[in-house]
């Protein structure tokens, strides 16, 4: 990935050249260069997209993200569209932008898009992913950009980049890891295989505990997997009904919320007095079904 730099003469000239160039090949090359550049842009020069479907943000989550940004900076850049001059419109990353403002940042790292460059953007991002010098987080960010900015499904994305859908999902899960762990992946402190084990742990505190222990003790992936399985066993024991009345409505509701949170979808639990029953996992489309399938595969792998 290109190094972050303030939006100075170089990028301004690049934006100007894209607007003025009529030769398709030249324009494609210019867009590729812009697509893979990260610029530092003033937060007061970015307007929120009026068509942004999401209008409510959890204040507590924003504060937590703001705290992380203060310590680690904004790891995943936002994406903006050039409106001309020094003004930009947000395409994706409103939550990150809001948290950055709360953290007191005057500038944020951003990818800059130009109008009507959808097809060229997709080609440029896919070409960039093929590079051998990208770390796993950079690959994950490129995958996420293709999903957010090019409206690709996980299935379509996997076809475009020539990877199994589970591989794409594994990369995307890295972006849900705490910033401290993402920074270690980028710097080479831990490998992609180590990161996959950490991504399979639901509890952030346990993720960070195992991450720090693995780094300090130079654990192998196999050793990390053993610890992760212990965590999973401990969680199972903790969640398992311990008394006769643990099958009560309140306990089932708690378990239902826990499983729903794990799978990211609505879950129903039906149980009789003898302890017999079933769990119903709901999904609305093929994409949600595939995501649930990938999560269950990951749990089985771990």
Residue in segment 156-164 that is surrounded by fewer than 20 Cβ atoms within 10 Å (Cβ to Cβ), within 25 Å of residue 181 (Cα to Cα) and either modelled with pLDDT under 85 or within 14 Å of the chain's Cα centre (by Cα) (or both) present: no
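So that you can scan it fast, the table gives a plain yes or no per residue for (1) farther than 30 Å from residue 32 by Cβ; (2) surrounded by 14 or more Cβ atoms within 10 Å (Cβ to Cβ):
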| position | (1), (2) |
| --- | --- |
| 143 | no, yes |
| 149 | no, yes |
| 173 | no, yes |
| 183 | no, yes |
| 188 | no, no |
| 195 | no, yes |
| 205 | yes, no |
| 208 | yes, yes |
| 228 | yes, yes |
Breaking point among (1) modelled with pLDDT of 75 or more; (2) outside the structural domain of residue 91 (by TED's automatic domain parsing), for residue 132: (1)
Matching residues in segment 202-219 - criterion: being more than 15 Å from residue 182 (Cα to Cα) and either assigned by TED's automatic domain parsing to the domain that holds residue 258 or in contact with a helix residue (DSSP H, G or I) (Cβ under 9 Å, 6 or more places away or on another chain) (or both): 202, 203, 206, 213, 217, 219
Strands (runs of 3 or more DSSP E) wholly inside segment 25-117 that include at least 2 residues being at pLDDT 90 or above: 38-42, 107-113
When residues of segment 244-302 are limited to those that are assigned to a loop (DSSP other than H, G, I, E, B) and exposed (fewer than 11 other Cβ atoms within 10 Å of the Cβ), the one modelled with the highest pLDDT: 276
Residues within segment 205-218 that are over 18 Å from residue 170 (Cα atoms) and touching a residue at least 24 places away in the same chain (Cβ under 8 Å), tallied: 4
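The values are calculated or read from the model by the stated rules, or taken from the named source; none is laboratory data. Just so we're clear, the structure is a prediction, and the values are computed from it rather than from any experiment. Cβ: placed from backbone, ideal geometry, glycine included. Neighbour counts: every protein chain shown.
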